[in-house]
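S.K.: Quick one: this structure, given as structure tokens, is what I'll be asking you about.
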Amino acid sequence: MKEYNIGEKIKELRLSLEISQNDLAKQICEPQDLEKIEKGDEYPTLPQLHTLAKRLGIPITYFFETNWNQNVDYVNSVKTLMRNYVRDREYKALYEIVKREEEMPIFEGPDNIQFFLWHKAICYYHINKDKDRAIELLYKALETTNREQTDLREEEIQILHSIAAIHYDNNELEKAHDIFMKALTSLEKMYKIKNRKVYLRILYGLTQVLLKLKKYDECLKFSNLGIGICISEDNLYLFGEFYYQAGNALFKMGEVTEGYEYLSKSTSIFNVQKNDKMEEIVKEETFKLLNTSSSS
């Protein structure tokens with residue numbers, strides 16, 4: 001592995017992202033072992049390398065490339081790290097990256113400008129609680145690459161998802177519904193969807209809105225569509241959530257037996273995924289729904 005300078009690449013990327021040895025080494029190896037790896041005195045195991053790559057926001061193949069475009073690689077690494085912070089809801093850490101990197105020449109170009117506007121908006125909403133400014137920035141991000149908002153790309157549809165999610169979070173359900181439907185229609189026009197998780201996220205957001213709007217038939221229809229996609233693609237992403245939404249809708253429609261079956265499947269899926277928080281939420285909701293249906 002020495003000819004690939006793996007240790008040097010780990011150190012270079014770690015320093016560029018301002019991650020300490022202690023933080024990078026957590027649950028992978030001891031900090032002193034990471035120091036030896038970075039010096040080239042030791043080599044990481046393949047499982048360690050996989051985890052290091054994930055934490056640094058890069059594909060594992062990065063370590064084995066002898067010729068690469070450092071600028072492009074750095075941009076992609078920063079973007080991946082930012083998306084990971086969104087996933088983990090580490091909004092303050094995300095904002096620090098936005099402030100530090102957005103004005104750097106390396107991030108010029110409409111796609112990168114759009115990406116940073118999108119994530120700045122996420123920070124404004126979750127840290128500053130400024131809904132209006134966040135939505136303003138999100139639409140500005142869309143206009144950076146698509147002023148007419150026609151023939152949307154997946155990246156632009158993800159920004160629509162963020163807008164719809166903010167409206168949903170503020171109980172502006174009709175607005176959220178219209179934007180989710182626009183996003184879904186745009187996705188379904190595509191010849192091929194690169195990131196299927198985007199499609200599933202849009203579907204799930206739509207089911208949440210429909211349930212609150214008491215459009216239970218539609219909620220059930222889109223929940224079952226999500227379940228079908230998860231099964232056909234052997235994909236557990238949002239699988240339990242779709243069963244949960246469908247079960248809720250069925251209970252509201254008076255279909256108690258079938259609704260209970262869906263919620264039981266949801267509980268089982270979360271149990272397999274070791275998602276204790278969601279498993280407990282579904283159990284509590286099932287108990288409430290059963291009590292409500294028995295007393296009515």
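S.K.: Would you mention how many residues in the stretch 215-235 are touching a helix residue (DSSP H, G or I) at 6+ places or on another chain (Cβ under 7 Å) and in contact (Cβ under 8 Å) with a residue 12 or more places away in the chain?
M.R.: Number of matching residues: 13.
S.K.: Let me ask something additional. Determine which single condition D217 fails, assuming it passes every other condition in (1) in a helix (DSSP H, G or I); (2) under 22 Å from I135 (Cα atoms).
M.R.: (2)
S.K.: Checking L210 against (1) free of Cβ contacts under 8 Å to residues at least 12 places away in the same chain; (2) in contact with a Cys (Cβ under 6 Å, 6 or more places away or on another chain), which test does it fail?
M.R.: It is condition (1) that L210 fails.
S.K.: Being surrounded by 21 or more Cβ atoms within 10 Å (Cβ to Cβ) and either part of a helix (DSSP H, G or I) or at pLDDT 95 or above (or both) narrows it down to one residue among T207, T292; which is it?
M.R.: Matching residue, one of T207, T292: T207.
S.K.: Check E148, E174, E136, E188 and return the single one that is in a loop (DSSP other than H, G, I, E, B) and not β-branched (V, I, T).
M.R.: On inspection, the qualifying residue turns out to be E148.
S.K.: Determine the pairs where a residue that is under 24 Å from V75 (Cα atoms), located within the stretch 16-40, has a partner that is part of a helix (DSSP H, G or I) and basic (K, R) with Cβ atoms under 7 Å apart, the partner being 6 or more residues away or on another chain.
M.R.: L24/R14; L24/R55; E38/K11
S.K.: Just to be sure, is Y85 in contact with a Cys (Cβ under 8 Å, 6 or more places away or on another chain) and at pLDDT 85 or above?
M.R.: Here the answer is no, as Y85 does not meet what is asked.
S.K.: While we're here: Can you tell me which of K129, K182 is outside any helix (DSSP H, G or I) and not hydrophobic (A, V, I, L, M, F, W, C)?
M.R.: Being outside any helix (DSSP H, G or I) and not hydrophobic (A, V, I, L, M, F, W, C) holds for just one of K129, K182, which is K129.
S.K.: Scan the stretch 88-111 for residues that are of a type in the set (D, E, K, R) and not in a helix (DSSP H, G or I) and report the count.
M.R.: Adding up the residues that qualify gives 6.
S.K.: Can you tell me how many residues within the stretch 27-53 are modelled with pLDDT under 90, surrounded by fewer than 19 Cβ atoms within 10 Å (Cβ to Cβ), outside any helix (DSSP H, G or I) and not small (G, A, S)?
M.R.: Summing the residues that are modelled with pLDDT under 90, surrounded by fewer than 19 Cβ atoms within 10 Å (Cβ to Cβ), outside any helix (DSSP H, G or I) and not small (G, A, S) in the stretch 27-53 gives 5.
The values are calculated or read from the model by the stated rules, or taken from the named source; none is laboratory data. Predicted, not measured: the structure shown is a model, and the values here were computed from it. For neighbour counting, all protein chains shown are included, and Cβ atoms are generated from backbone atoms with ideal geometry for every residue, glycine included.
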